[in-house]
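Peer 1: Just dropping this structure here.
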Amino acid sequence: DQSGFFNPPLSSAVIFNPSTGLWFTTGSMNTSRVFHASVLLRDGRVLVSGGYNGINTTPNAQIYDPAVGTWGSSLPMNSARNSHAALLLPSGKVLVAGGAISGATATGLTSSELFDAGVITNSAWQPQLDSTTSPLSLGGNMVITGPQFRGISGASGGNYQDSSSDYPLVQLRSIESGQSTFLLTTNWSTNAFTSLPVWNFPPGYALVTVFVNGIPSTSSIVNITVPVPTAPTLTNVAKLGNGSLQFTFTNSVGALFGALASTNVSLPLSNWTALSGVTEISPGQFQFTDAQATNNSQRFYRVRAN
């Protein structure tokens, strides 16, 4: 339990049953604590770390097992800390960071440490994927359906450092390159997720995984495709201070382009020089910079869909 500045820290714990609206006592911790952090682990246990026992900052953590209603033995931490942040990572590890060591004057901490709770997952709490958008054209919205996209409530130590997340985090990971990103959402519920348009991601096969309170779903394979480009619309041409030429244009979100250059516009396209460097700087906004423009009195450009 967490108490205020002027009351003694407590080692007791209680559980709230939302179906009955009642509290009941469970096992007590080995150490009294205040200003600690609590995190719900993947397997349903709760990790409580650090805190202040009324005399010293607590240099250990404990894990509560709801199956038996007791706390495990003390787990030493690398640094004693209170009023710190704790976050369950997608890997299942817990990141503990910052906080302070209380004494005559509180000393802030810049250090962090990881707690590895293992890979045990309660399958009853695991989100499930019933359907995913595949193929997904870059610039499109990823729509995922399935149960358990909210999971159960996260653990709380009663202060603002707690970081439980009762909402789905969706990871997209390229099978070929390993590049990964977490998708932003326009709408989500207990059984559905819709992302913002997906862009700046390599085409090909990818794994999509839903994390709820750090618990991952079984991944599904999706095919990320390139959209059909349209005729580019030039929006700006600028001569930069270093002599480079830069131009921007709009097109389909996620389209892939290359640039061609020539000093003679009448030459066949096969004789133009292929240049790299066309990037999508924001969804549907493309930019190309030619650092060699200063070496030519005149130069013509074309963009070509890859």
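The values are calculated or read from the model by the stated rules, or taken from the named source; none is laboratory data. Not measured: the values here are computed from a predicted model. Here Cβ is always computed from backbone atoms with ideal geometry, including for glycine, and neighbour counts include all displayed protein chains. These area figures cover heavy atoms from the full protein model, side chains too; ligands, DNA and RNA do not enter into them. Shrake-Rupley method; radii C 1.70, N 1.55, O 1.52, S 1.80 Å.
Peer 1: Full extension from Q128 to N200: what is 0.36 nm times the residue separation minus their Cα-Cα distance, to one decimal in nm? Intermediate values should be presented prior to the final figure.
Peer 2: On the way: separation 72, 0.36 × 72 = 25.92 nm, distance 2.66 nm.
Full-extension gain reported as 23.3 nm.
Peer 1: Highest mean first, how do 205-212, 139-146, 53-60 rank when packing is the count of other Cβ atoms within 10 Å averaged over residues?
Peer 2: Values: 205-212: 20.8, 139-146: 18.5, 53-60: 16.9.
Answer by packing, highest mean first, reads 205-212, 139-146, 53-60.
Peer 1: Still on this structure, please answer the following. Among rounded, prolate and oblate, which fits the stretch 45-112 when a ≥ b ≥ c are the square roots of the eigenvalues of its C-alpha gyration tensor, a/c under 1.5 means rounded, and a/b larger than b/c means prolate?
Peer 2: Cα axes put the stretch 45-112 in the oblate bin.
Peer 1: What part of the accessible area of the chain, given as a whole %, is carbon or sulfur when the probe is 1.4 angstrom? Write down the numbers at each step before the final one.
Peer 2: Numbers: 8610 of 15770 Å².
Accessible surface attributable to carbon and sulfur in the chain totals 55 percent.
Peer 1: Classify the stretch 232-306 as rounded, prolate or oblate, taking a ≥ b ≥ c as the square roots of the eigenvalues of its Cα gyration tensor: rounded when a/c is under 1.5, otherwise prolate if a/b is larger than b/c and oblate if not.
Peer 2: Working: a/c = 2.16, a/b = 1.26, b/c = 1.71.
Oblate, since a/c reaches 1.5 and b/c is not below a/b.
Peer 1: Just to make sure I understand: if all protein chains stay in place, what is the order of K239, K93 by accessible area at 1.4 Å, largest first?
Peer 2: Values: K239 130, K93 75 Å².
Putting K239, K93 in descending order of accessible area: K239, K93.
Peer 1: Going highest first, how would you order 22-35, 261-274, 73-86 by mean Cβ packing within 10 Å?
Peer 2: Details: 22-35: 16.4, 261-274: 11.3, 73-86: 18.1.
In decreasing order of mean packing, 22-35, 261-274, 73-86 become 73-86, 22-35, 261-274.
Peer 1: At a probe size of 1.4 Å, how large is the accessible area of L95, to the nearest 10 Å²?
Peer 2: We get 60 Å² for L95.
Peer 1: Based on the alpha-carbon gyration tensor of the stretch 1-94 and its eigenvalue square roots a ≥ b ≥ c, which shape applies: rounded if a/c is under 1.5, prolate if not and a/b is larger than b/c, or oblate?
Peer 2: Details: a/c = 1.71, a/b = 1.12, b/c = 1.53.
Since a/c reaches 1.5 but b/c is at least a/b, the shape of the stretch 1-94 is classed as oblate.
Peer 1: Here is a follow-up. Just by accessible area at a 1.4 angstrom probe, what is the order of W71, W188 from largest to smallest?
Peer 2: Details: W71 40, W188 90 Å².
These residues rank, largest area first, as W188, W71.
Peer 1: What accessible area per residue comes out for the stretch 152-306, rounded to a whole number of Å², with a 1.4 Å probe?
Peer 2: Numbers: 8220 Å² over 155 residues.
Solvent-accessible surface per residue comes out at 53 Å².
Peer 1: Further question: Note the full-extension length gain between L22 and S177 as 0.36 nm times their separation in residues minus their Cα-Cα distance, in nm to one decimal. Each step should come with its number before you reach the end.
Peer 2: Working: separation 155, 0.36 × 155 = 55.80 nm, distance 5.12 nm.
Here the answer is 50.7 nm.
Peer 1: Express the relative contact order of the stretch 226-306 as a whole percentage, based on alpha carbon pairs under 8 Å and six or more residues apart in sequence.
Peer 2: Numbers: 153 pairs, mean separation 28.1, N = 81.
Rounded, it is 35 percent for the stretch 226-306.
Peer 1: Over the chain, what relative contact order in percent results from Cα pairs under 8 Å that are six or more residues apart?
Peer 2: On the way: 767 pairs, mean separation 37.1, N = 306.
With pairs under 8 Å counted, the relative contact order is 12 percent.
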